[in-house]
Amino acid sequence: MRVKIAPLRKQASIEERQAHEKATKELADFKAANAERAIYACETHANANEGARDPEKTRLICPAQAGKVRCTSCPMSMRLPDDRPMVVDPPELATAPKACRQKTVTIPGWVTSKLRQRHTWGSDAWIESYARRTHIEGFFGNLRDPSNQNISRGFCRVVGLVKTSLMVTFEVMAANLRILRQWAKRVQNFSDPLCVEYPEDQGFEELDSSAEMQLTLPLLGEHPPNVTLV
């Protein structure tokens, strides 16, 4: 299932319209089911990490105490409006989990860390954040492309994570510069110093009036110069 669907083009075929309609319905059903699950999920306490020794720990309160559902194990929640869902067959307090017997529970950082993300899994905010993965994977593919950076096993001859990471950093910097210069050439915008066009290679080194090699751009002096290096 796709969590984000692009708008249907105007000249779409019947098959494309049917596929778009099916994908839209699947996404709507997914969001509806996810919203229903969220009602019964514990809520993060307002002061979850305030004064905590371990900031990775999370304090949670049950959905009944959060005012999302009514539960006989939480007498206070029974005063909520009747439009709130009712917990069916709640556990006895003697055998109920701590979330039902305590006001809050603390979850260590290493417990279900993959599921405890900044945005609730399946929410609109999570979908918008997850959709960025397409561009990230595209950039990784650009780095691995043999016609570009061609990063693969053995691309550098150094040993150690630090040295290899440094070499990868140089490759990423080169890729960013290449993409930036390609964009500048496509839109004809060379205002950024990094996008200034390279001078045409004339097969000689340009010198200034003192017969010194010019190492900065743009090149000054005559083109081609009167003095050349042999």
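With P81, P85 as the choices, which residue is farther than 29 Å from S113 by Cα and either modelled with pLDDT of 90 or more or among the aliphatic types (A, V, I, L, M) (or both)? Working first, answer last.
Details: P85 fails: farther than 29 Å from S113 by Cα.
Checking each option against the conditions leaves just P81.
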| said: Take V162 and tell me if it is exposed (fewer than 13 other Cβ atoms within 10 Å of the Cβ), outside any helix (DSSP H, G or I) and not charged (D, E, K, R). | reply: no
| field | Residue match in the stretch 131-142 (condition: part of a helix (DSSP H, G or I) and in contact with a helix residue (DSSP H, G or I) (Cβ under 7 Å, 6 or more places away or on another chain)) | value | yes
| query | Which members of the stretch 165-198 meet the condition of being surrounded by 12 or more Cβ atoms within 10 Å (Cβ to Cβ) and part of a loop (DSSP other than H, G, I, E, B)? | reply | F190, V196
| task | Give me the pairs, please: first residue somewhere in the stretch 170-186 and under 17 Å from S147 (Cα atoms), second residue anywhere and polar (S, T, N, Q), beta-carbon distance under 8 Å, and either six or more positions apart or on two chains. | result | E171/Q149; A174/Q149; A175/N142; A175/N148; A175/Q149; R178/N148; I179/N142
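How many residues, within the stretch 83-124, are part of a strand (DSSP E or B) and either under 22 Å from the mean Cα position of the chain (by Cα) or of a type in the set (S, T, N, Q) (or both)? Show your work before the answer.
Within the stretch 83-124, the first condition is being part of a strand (DSSP E or B), and the residues that meet it are 86, 105-107.
Still in the list and also either under 22 Å from the mean Cα position of the chain (by Cα) or of a type in the set (S, T, N, Q) (or both): 106.
Qualifying residue count for the region: 1.
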| query | Of the numbered conditions (1) of a type outside the set (A, V, I, L, M, F, W, C); (2) in contact with a helix residue (DSSP H, G or I) (Cβ under 8 Å, 6 or more places away or on another chain); (3) modelled with pLDDT of 90 or more, T72 satisfies every one except a single condition; which is it? | reply | (3)
| message | Quick test of your reading of the structure: R84 fulfils all but one of (1) surrounded by 13 or more Cβ atoms within 10 Å (Cβ to Cβ); (2) under 30 Å from V172 (Cα atoms). Name the failing condition by number. | response | (2)
| field | Matching residues in the stretch 113-159 - criterion: being more than 16 Å from A41 (Cβ to Cβ), surrounded by 13 or more Cβ atoms within 10 Å (Cβ to Cβ) and hydroxyl-bearing (S, T, Y) | value | S129, Y130
| query | Quick one: what pairs do we get from the stretch 12-28, first residue farther than 24 Å from W126 by Cβ, second surrounded by fewer than 11 Cβ atoms within 10 Å (Cβ to Cβ) and modelled with pLDDT under 95, C-beta under 8 Å, 6+ apart or different chains? | reply | E16/R9
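The values are calculated or read from the model by the stated rules, or taken from the named source; none is laboratory data. Predicted, not measured: the structure shown is a model, and the values here were computed from it. Every residue, glycine as well, gets a Cβ built from its backbone with ideal geometry; the counts of neighbours run over all protein chains shown.
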